[in-house]
Every structure is written in structure tokens, then in C-alpha cells.
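J.: Would you mind keeping the following structure in view while I ask a few things?
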Amino acid sequence: MQQYDPNEIIRHIYRAEDYQRLAEELLEPSVYAHIAGGSGCERTLKANVSELDRIQLLPRILRDCSSGSTRTQIFDRSLSHPIFLAPVAYQSLVHPEGEIETAHAAEATDTPMVLSTLSSCSLEEIAKNNSGLKWFQLYFQPSFVDTLDLVRRAEKSAYQAIIVTLDTPVQTVSHRAQKAGFRMPDHIQDANLTNYAPHNTIQIEQDESFIFQGIMRQAPKWEDLRHLLAETQLPVFVKGALHPADIDQLLQIGISGLVISNHGGRALDSTPATIQLLSAIRARVGKNFPLIFDSGIRSGEHIFKALALGADAVMVGRLQMYALALGGALGVAHMLKVLREELEVCMALTGCSQISDITPETLL
Ligand code: FNR
């Protein structure tokens, strides 16, 4: 794994998305393909960014923004800005310290970090090393006892919320990563899962389907989510629900919030860009229901657009990995600072001094 000089990297960054440009130039091509790639023909991956780009902002003049701030609130939590670090698996792939470095950056910039179930450092190790705002992303395990144990460990280590990801019961492949010859290196471990039952070896009878009778037999169902909600006092967000009927059912069973996400175009291809769904989902869930948006965020302008269309906050996935790969904790902190400054410029030039001023009227 190549190490870069963070100070040298930062000299070449003018905008947050420059981390992607530099990552493409400097990272080992198969590692870059693994991070950058999406599922299928990458239609959703491309649409996530192009649909955000397409929206236009309407500037305002002569507004007094001298007491402006990006401070905001998501349910009972006060945040210095509406940007989260999305759960991104196996960060040791790009930096020897992996998620520990990301957590340092999160703490230094007062950014909530969402740690993946599939992290390469254990959730306890991350909690021990920093006191920043931490949420835990949960993947259901083949055994509910193990799933619940993960939640108990997150509670014990003072994670403040759980995000359950439900859009990838079937692991989609990135053909871009396959073509580039990507293989997860042997030294990368599922640090949170070492004591749990592995996914069962799937026995398929003749004429049975590997997807239906194999993988989907082990996938979580509605009763598993209900069971989970009954077992924890932590707020539970669901990541990856996009269908209105699913959203209605989630509201009925009492989740605390939604992450509007298509997994950055890594789940089902040909789903809409998440930004295309956002305002309808906001209208459906009502004004005060917590909504976090992700998939396609590459700039402060993108963040502004998502907030204008109803998000309370956004999460960044790939930018986080590029910045970690190139600059470690300093890179991630710098990327977050640049994103926040880009957001502040949008706010100042559209006359929004508070996050709550960012409404659909700021868009064309
Ligand atoms: C992800 N994502 C993800 N999501 C999740 O819930 N658990 C996980 O372990 C991972 N792992 C992961 C690895 C890599 C390499 C990527 C790029 C993404 C999805 C992630 O949380 C987020 O939804 C998307 O990355 C958001 O899209 P952008 O910001 O990458 O466009």
C-alpha cells in the first residue's frame, strides 16, 4: 500500500471532488476501481451525480448573512454541520490504520462517523480511541443472536444510533472492479465478526436457485427488523428503503429516521438517482421526520441541493475513502473542511444564513 505525503496532496486540492481526480491518478488501479465502481452497467452510479449536477441554484442579493452558521439538529442531536461520514467497509484497504484514522478526522471536525459492520477495526477499538459522535451501521447476521450481540456491543461502546442497511441482501458485483482484477487482500479482516457464525455454506438442491433458495433464504425479513426495534433503546435508522410502500410500513413500525440511499449505485442498478426521490419522500414522511441523504455527493453544491429538497443531513462515501487513501486523517479532515466551505459559499450567495433557510425556493 502506497503512503502519500498529506501536505503535498492537500496542495493539489482545490475542491472536494479533486480527491477523486487525484485518487484515480495515484491509487493502484484495481483498488480505485473497487471504490469508484458501481453495480450492473453503473447507470445508477452515473445518475446519482448527473442528477445532482442538473439542479440549478438561484442566487439572492443584499441579504444579511453575517451571523450565518451551518449548525443544525437531527432529532435530538445538535451538529456543527449537516455532513456525516457514511459507513464504508474495510478502510484498511487504503490506509494501514483504516477506520481509526477516519475517526480522528471525524472527531477533529465534529463530524458524525457511521462505522460499518464490515469495518477492518473493531467497533470497540474505534470507541476507545475517540470521543466524537459515532453511529453504528448494522448488517443483519445469519444468526439473530449475533445480530443482537453487535447491537449490544455498540450500545456498550456508546454509539448513539444504529443505521440498519437493507438494500443489499444479494451482494452485487462491480464489473469494473472485476475487470481490473480486484481481490480483497488476505490481511483485511472483518474485525467485528470474528466470534460469529459465518454465513452458512449454501446447499442447493437440483433445480433450486442459488439466489432464491440460497442467499434470500438467509436474508432478513420484516419480523427481524421488528424484533430488532423491540430489543434496543437506541434510535434506529433504515438505510436503503426507497419504495413508498416500504417507507409507509417503516413509519408504522416505529423507526427513528431514514437514510435515503441507493448505496452509491452499488446495490440494484437502474434504480433512480436518490435526489430524484427525495422531495416525494420528504412529502410522504412529513416535515419533522429525520431524513439523511446519500449517493452522489461530491461537493458543497450537492449538499445544498439535497438540503433544499428535504434532507436534514447528507453522508459522503467515496470521497471519504479517496481522502483517507491519499491523506489519512488529515486528508479526511481537509476534505470535510472543503465540503463545508463549499456549502457555506452556496448559503452566503443564496442568502441563507441558517440551514433551515435552505428551501426549494433557493432552486430554479
Ligand atoms: C459502501 N457503502 C456501504 N454502505 C453500508 O451501509 N455498509 C457498508 O459496509 C458499505 N460499504 C461501502 C464500501 C464502499 C467502497 C463504498 C463506495 C460504499 C455505501 C455507503 O455507505 C454510501 O451509501 C455510498 O457510498 C454513498 O454514495 P457516494 O457518496 O459514494 O456517492
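J.: T109 is checked against (1) away from the ligand (no atom under 16 Å from the Cβ); (2) more than 30 Å from C121 (Cβ to Cβ); (3) among the hydroxyl-bearing types (S, T, Y) and fails just one. What number does that condition carry?
T.: In the conditions (1) away from the ligand (no atom under 16 Å from the Cβ); (2) more than 30 Å from C121 (Cβ to Cβ); (3) among the hydroxyl-bearing types (S, T, Y), T109 misses (2) alone.
J.: Could you tell me whether S69 is away from the ligand (no atom under 13 Å from the Cβ) and touching a Lys or Arg at 6+ places or on another chain (Cβ under 8 Å)?
T.: So S69 fails the test.
J.: Next question, about the same structure. So in segment 91-111, with the set limited to residues that are within 23 Å of V164 (Cβ to Cβ) and outside any helix (DSSP H, G or I), which one is nearest to the chain's Cα centre (by Cα)?
T.: T111
J.: Could you identify the single residue in V88, V114 that is within 14 Å of the ligand (Cβ to nearest atom), β-branched (V, I, T), in contact (Cβ under 8 Å) with a residue 24 or more places away in the chain and part of a strand (DSSP E or B)?
T.: Answer to the check: V114.
J.: So, of the residues in segment 84-96 that are out of contact with any helix residue (DSSP H, G or I) (no Cβ under 6 Å at 6 or more places or on another chain) and open to solvent by less than 10 Å² (accessible area, probe 1.4 Å), which turns out to be farthest from L193 (Cα to Cα)?
T.: Once the filter is applied, the top-ranked residue is F84.
J.: Now for a separate question. Within segment 137-190, work out how many residues are open to solvent by less than 40 Å² (accessible area, probe 1.4 Å) and of a type outside the set (F, W, Y).
T.: Here the count works out to 21.
J.: Failed condition for D269, given (1) open to solvent by less than 20 Å² (accessible area, probe 1.4 Å); (2) over 23 Å from I9 (Cα atoms); (3) touching a Ser or Thr at 6+ places or on another chain (Cβ under 6 Å), with all others met?
T.: Among (1) open to solvent by less than 20 Å² (accessible area, probe 1.4 Å); (2) over 23 Å from I9 (Cα atoms); (3) touching a Ser or Thr at 6+ places or on another chain (Cβ under 6 Å), D269 violates only (1).
J.: Whether any residue in segment 203-213 is in contact (Cβ under 8 Å) with a residue 24 or more places away in the chain, farther than 23 Å from V236 by Cβ and part of a loop (DSSP other than H, G, I, E, B) is what I want to check.
T.: Among the residues of segment 203-213, not one is in contact (Cβ under 8 Å) with a residue 24 or more places away in the chain, farther than 23 Å from V236 by Cβ and part of a loop (DSSP other than H, G, I, E, B), which makes the answer no.
J.: Based on this model, can you work out whether D269 counts as within 16 Å of the ligand (Cβ to nearest atom), assigned to a loop (DSSP other than H, G, I, E, B) and of a type in the set (D, E)?
T.: Considered against the rule, which asks whether it is within 16 Å of the ligand (Cβ to nearest atom), assigned to a loop (DSSP other than H, G, I, E, B) and of a type in the set (D, E), D269 comes out as yes.
J.: Among (1) within 14 Å of the chain's Cα centre (by Cα); (2) away from the ligand (no atom under 16 Å from the Cβ), which single condition is R77 missing?
T.: That leaves (1) as the condition not met.
J.: Out of all the residues in segment 286-294, is one or more away from the ligand (no atom under 14 Å from the Cβ) and touching a Phe, Trp or Tyr at 6+ places or on another chain (Cβ under 6 Å)?
T.: Yes, segment 286-294 has at least one match.
J.: Just wondering, is there one or more residues in segment 117-132 that are over 25 Å from P220 (Cα atoms), buried (at least 24 other Cβ atoms within 10 Å of the Cβ), in contact (Cβ under 8 Å) with a residue 12 or more places away in the chain and touching a strand residue (DSSP E or B) at 6+ places or on another chain (Cβ under 7 Å)?
T.: The answer is yes; a qualifying residue exists.
J.: Which members of segment 188-235 meet the condition of being in contact with a Leu (Cβ under 7 Å, 6 or more places away or on another chain) and of a type in the set (A, V, I, L, M, F, W, C)?
T.: I188
J.: Would segment 134-148 turn up any residue that is away from the ligand (no atom under 16 Å from the Cβ) and without any contact (Cβ under 8 Å) to a residue 12 or more places away in the chain?
T.: yes
J.: Could you tell me which residue of segment 97-116 is nearest to Q141 (Cα to Cα), considering only residues that are open to solvent by less than 10 Å² (accessible area, probe 1.4 Å) and hydroxyl-bearing (S, T, Y)?
T.: Restricting to residues being open to solvent by less than 10 Å² (accessible area, probe 1.4 Å) and hydroxyl-bearing (S, T, Y), the top hit is S116.
J.: Consider segment 150-187. How many of its residues are within 30 Å of P235 (Cβ to Cβ) and in contact with a Leu (Cβ under 8 Å, 6 or more places away or on another chain)?
T.: Residues that pass the stated criteria total 16.
J.: Is there a residue in segment 178-185 that is modelled with pLDDT of 95 or more, part of a helix (DSSP H, G or I) and either within 16 Å of the ligand (Cβ to nearest atom) or closer than 19 Å to G328 by Cβ (or both)?
T.: Checked segment 178-185: at least one residue is modelled with pLDDT of 95 or more, part of a helix (DSSP H, G or I) and either within 16 Å of the ligand (Cβ to nearest atom) or closer than 19 Å to G328 by Cβ (or both).
The values are calculated or read from the model by the stated rules, or taken from the named source; none is laboratory data. Here the structure is a predicted model, which means the values were calculated and not measured. Backbone-built Cβ (ideal geometry, glycine too); neighbour counts: all protein chains shown. In case anyone asks, the SASA skips ligands and DNA or RNA and just uses the protein heavy atoms, side chains included. Shrake-Rupley method; radii C 1.70, N 1.55, O 1.52, S 1.80 Å.
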